[in-house]
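Down below is the structure, laid out as structure tokens.
Throughout, read-outs are computed from the coordinates displayed, never taken from laboratory work. Fair warning: this is a prediction, and the values are worked out from it, not measured in the lab. Because the Cβ atoms are built from the backbone with ideal geometry, glycine has one as well, and the counts that use them run over all protein chains shown.
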Ligand SMILES: [Zn+2]
């Protein structure tokens, strides 16, 4: 179990909703899909490597720091007794090559060299540790997680881990058996306390309530083909089923995420669900799971 688990960023959740409810331009959609792919790669790394570790190490996922007015982000950090390992995970697909220390896609287009980003990140992290009074040996690696990624002409001393090397990475990490002390736990807590949580609302394109499609949306396939059958919401696109109650709660969560300042009322959620479920049922669910504030016509839920 990670000491700092990875949670899906609200940014991605909002973008997914905007994408499904029809508010993204082609460019924004590509941007979202790219970010989603990157996140999926990180989750894949967790599943294949860090979640399977049986060693003495503290895994901190997704850290964002500001140091000397510069932001830097680390996908995975593992604190061992002897070293701190950093991993930057890339979910690139297709063929790439290195030439003269530069990074190209197979059609000869130069791309941002992820190794430079890694180097920069490691350097900032070292400085950050130093400023906190910690002396640790830091080792960083770039992980190419996608099995459909090929890299040509890569010098073997480059700190890159390929999909075929993930098993041996896991075995190697499991060799770290030296017990961690309070020193390491304090460092982990310090790093977590310094992690910056970005507001997703500054990162997503502008949207308004009026622009978005109001209907119930399938949790699994993001389609709107939801029908009410025997107290359940059934998706006619993928077959996914959920109890009406939980479907409504999901709609409320969506609405709160998209419009954090708006008040939750029966009418608001009824409209947001596109009238798919009766007001009576919505009111029952809201009363069951939320606190009622105010009275008469003016009450809302929190
Ligand atoms: Zn579905």
Measure off 7 Å from each Cα along the Cα-to-Cβ vector at residue 37 and residue 13, then give the distance between these two points in nanometres to one decimal. 2.5 nm
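Can you give the relative contact order of the chain as a percent, counting alpha carbon pairs under 8 Å and 6+ residues apart?
17 percent
Calculate, in nm to one decimal, what residue 259 and residue 243 gain on full extension: separation in residues at 0.36 nm each, minus their alpha carbon distance.
Working it through step by step, the gained length comes to 3.3 nm.
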Ranking 104, 67 by Cβ neighbours within 10 Å, fewest first, what do you get? 67, 104
Whole-angstrom Cα spans of region 39-104 along principal axes, big to small: 38, 34, 24
Please report, to one decimal in angstroms, the Kirkwood hydrodynamic radius of region 10-201 built from all distinct Cα-Cα pairs. 18.2 Å
In degrees, nearest 10, the alpha-carbon axis of helix 279-289 is tilted away from the dominant principal axis of the alpha carbons of the chain by 50 degrees
So what is the calculated 222 nm ellipticity per residue for the chain, using -39500 (n - 2.57) for each DSSP H run with n of 4 or more, over all residues, to the nearest 500 deg cm²/dmol? -11500 deg cm²/dmol
